[in-house]
Amino acid sequence: MVEFTTPPGTRDLIRQECVDKRFLEQHFRNVFTRWGYEEVMTPMLEYYQTFSIANMKEKEVYKILDASNRIVTLRGDMTIPISRVVATKFKDSPLPLRFQYCANVFKVKERLSGNQNESTDCGVELYGVDEPIGDLEILVCALDALSILEGCQYTLEIGNRNFFYNACTALSLEKSAVEKLADYINRKSLKELQDYVDELAISEEHKHFFKQLPWLCGDLSTIAEARSIAFNKSLHAILDELESLCHQLKELGYEQQISIDLSKLPRMEYYTGIIFDAYAEGIGDSILSGGRYDQLTQRFGKNISAIGFAIRLDALATLLHHTPTQKTVTLSYPTSMQTEALKQAQKLRETTVVKLLTDNTIKQIQIKEEA
Amino acid sequence: MLSVALTKGRLEKQTVKLLEQSGYGIEALKDKGRALVFPDSKKDISYFLVKANDCVTYVEHGVADIGVVGKDTLLESNDQYYEVMDLGIGKCRFILASLPENNVLKKQGHIKIGTKYPTVTKRYFKQKGLDVEIIKIDGSVELTPILGLCDAIVDIMETGTTLKENGLIVFDTVCEISARVIVNKASFRLKRNEIQELLNDLKNAIKETDYD
């Protein structure tokens, strides 16, 4: 028997679900356009190579063979394709470049986990503005977009991937040890972290650093807290930068909406500097995430600094509901009067939404406003 | 307001006891009748009792901020939560067991393992560098080597009585298990103070009691 359902991790959206999602999409598009971001559209299909060069996890990518037996993928994110576009089509263009998109992306997730394999990302990428100037601009843009959440509890959490990775480099930890530590810290799997750190051949001070790291999240006072475990100049320099960034955000009036997480680790390998996520009450995972990725375009042939973020539209749409204000009328008519009904409807459509309905129990055209 | 998902059954009694020692108002949980949600009589917390796997699901989706669940269940799940504390209760371990003459770690040729926990089993044998076929069994896993369906089993062992009665011996410990506190990723940020308070209270209660 043929079953007419959709593949795992995909879904149909109907009625109010579409209204909510499109409303949000329009809101973010407007915000990004006002910030000077031009839209870019890239194909849904890309060569696998484009995504493997950016170290997208192999098992997370949908793979298909094309007619000439090359592996193509359904795009896993938009940052990689747009970076490809910038490094090739814009390699001689003046900087900065600002691009926005709203597009469906595909990732293979664990089955039956309630996660979506197809989801809509709405975001921006800013090319050619270095840290810290570009960092502040993009954070303020994200906060501006998120202001639609007013009335909900939410926070934009900022970290820097180098706080962890520079510490590992300074201690010359092996790659496998770094991966293990990153995994435990990322999952805040504190028991395993503690056991593992105790086994490492590093000093007590450095052990303390890794054990405390998962707790370095919270309000802006976290930065001062982090000073006590930062054990070299490079770590302090990261904290200095973060401090001045937060100071500027505070001056701009965003103190309540931001927080710090120094244990934050990147979702994608290509991030090189600050990384950030937004969380809202009622949604289990982050609703916005982004960061600086200064070395990605280089892999496509042109070295341009970059930073950007994506908003997860599907998650947000479950939180915010929109009631359209458009007036709607139902125009009922007997079959014999269809021509006249269509004439009248055309006129009404200039100001309202008109739904037609045939009704042979009536003699005249009736117009009723919908509640 | 915090919502806490507790695992029904084996862990339930010990968890409730630990909460009581931490000074929480858990009377409703002790005398539960048919209710499904239990408000704390002292703090702004509501508890609900669910099956272990569901506990993880509730926390992952943010319906519960916090969950108490066995490491065995977490090892089979997909990590969309923070595992912040080892409660040290409900201790047991995953073991590799079989009939004395069936040491699969030394066997040559195709190996079949019966288990309720395919993810744990897969990871264990991958670490050992052994290629095995896993057969998912839902209950009385000890039967499979006896009947010859599998060469060995990976299962949870508390006392070892069941194994002994069936003539099986332990060949290796796969890993130790105890109850863990898991936290939803968004709650960890948005209700940080309330969560930290609960964790501290639990930590103090564990210190005062010796659960070993």
Next item on the list: Please tell me which of these pairs span more than 29 angstrom C-alpha to C-alpha: A:Lys264/B:Lys32; B:Lys32/B:Lys191; B:Lys8/B:Lys107; A:Lys250/B:Lys43; B:Lys43/B:Lys185; B:Lys128/B:Lys164?
Entry: A:Lys264/B:Lys32; B:Lys8/B:Lys107; A:Lys250/B:Lys43
Checklist line | Alpha-carbon centroids, region A:153-172 and region A:51-114: separation in whole Å | finding: 25
Notebook entry, point to check: By the scheme Lys and Arg +1, Asp and Glu -1, what is the net charge of all other residues having a beta-carbon under 13 Å from that of A:Arg98?
Noted result: -3
Check: Based solely on its DSSP helices, what 222 nm [θ] is calculated for chain A when runs of n ≥ 4 H residues each add -39,500 (n - 2.57) and the sum is averaged over all residues, nearest 500 deg cm²/dmol?
Finding: -11000 deg cm²/dmol
Next item on the list: Measure out, as a whole number of angstrom, how far apart the alpha-carbon centroids of region A:234-248 and region A:297-354 sit.
Entry: 43
Item checked: Cα convex hull volume per residue for region A:106-176 (Å³) -> 195
Item checked: Taking the C-alpha atoms of the protein assembly as shown, convex hull volume expressed per residue in Å³ -> 256
Check: How large is the dipole of region A:1-151 about the Cα centre if only Lys and Arg carry +1 and Asp and Glu carry -1, each at its Cβ, rounded to the nearest 20 debye?
Finding: 500
Check: Other chains' Cβ within 10 Å of A:189-195 residues: what's the mean?
Finding: 5
Notebook entry, point to check: If you place +1 on the Cβ of every Lys and Arg, -1 on the Cβ of every Asp and Glu, and leave all else neutral, what size is the dipole of region A:328-369 about its Cα centre, to the nearest 20 Debye?
Noted result: 40
Next item on the list: Once you have the Cα-Cα distance between A:Thr351 and A:Leu65, take 0.36 nm times their residue separation minus that, and quote the gain in nm to one decimal.
Entry: 98.0 nm
Checklist line | Highest-first arrangement of B:111-120, A:23-32, where packing means the average Cβ count within 10 Å | finding: B:111-120, A:23-32
Check: Ignoring ligands, DNA and RNA, what accessible area per residue does chain B give at 1.4 Å, in Å²?
Finding: 49
Margin query: Counting only Cα atoms, I'd like the Rg/Rh figure for chain B, Kirkwood definition for Rh.
Written below: 1.04
Check: If you place +1 on the Cβ of every Lys and Arg, -1 on the Cβ of every Asp and Glu, and leave all else neutral, what size is the dipole of the protein assembly as shown about its Cα centre, to the nearest 20 Debye?
Finding: 1340
Note to self: With only alpha-carbon pairs counted, each pair once and no self-pairs, how large is the Kirkwood hydrodynamic radius of region A:162-265 in angstroms?
What the structure shows: 14.3
Check: Taking the inverse of the average 1/r across all pairs of different Cα atoms in region A:328-369, what Kirkwood radius in Å do you get?
Finding: 10.0
Margin query: Tell me the Kirkwood radius of region A:1-91: reciprocal of the mean inverse pair distance over distinct alpha-carbon atoms, in Å.
Written below: 16.2
Note to self: More than 16 angstrom separation, counting every C-alpha pair in region A:40-156; what % is that?
What the structure shows: 69
Notebook entry, point to check: In the protein assembly as shown, which Cys residues have no partner Cys with a Cβ closer than 4.7 Å?
Noted result: A:Cys18, A:Cys141, A:Cys152, A:Cys168, A:Cys217, A:Cys246, B:Cys55, B:Cys92, B:Cys150, B:Cys175
Notebook entry, point to check: Using the C-alpha gyration tensor of region A:192-337, what are the square roots of 5 times its eigenvalues, in whole angstrom, with the largest one first?
Noted result: 45, 20, 18
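The values are calculated or read from the model by the stated rules, or taken from the named source; none is laboratory data. Worth saying up front: this structure is predicted, and the values here are computed from it rather than measured. Cβ: placed from backbone, ideal geometry, glycine included. Neighbour counts: every protein chain shown. Side chains included, ligands, DNA and RNA excluded: accessible areas come from the protein's heavy atoms. Shrake-Rupley method; radii C 1.70, N 1.55, O 1.52, S 1.80 Å.
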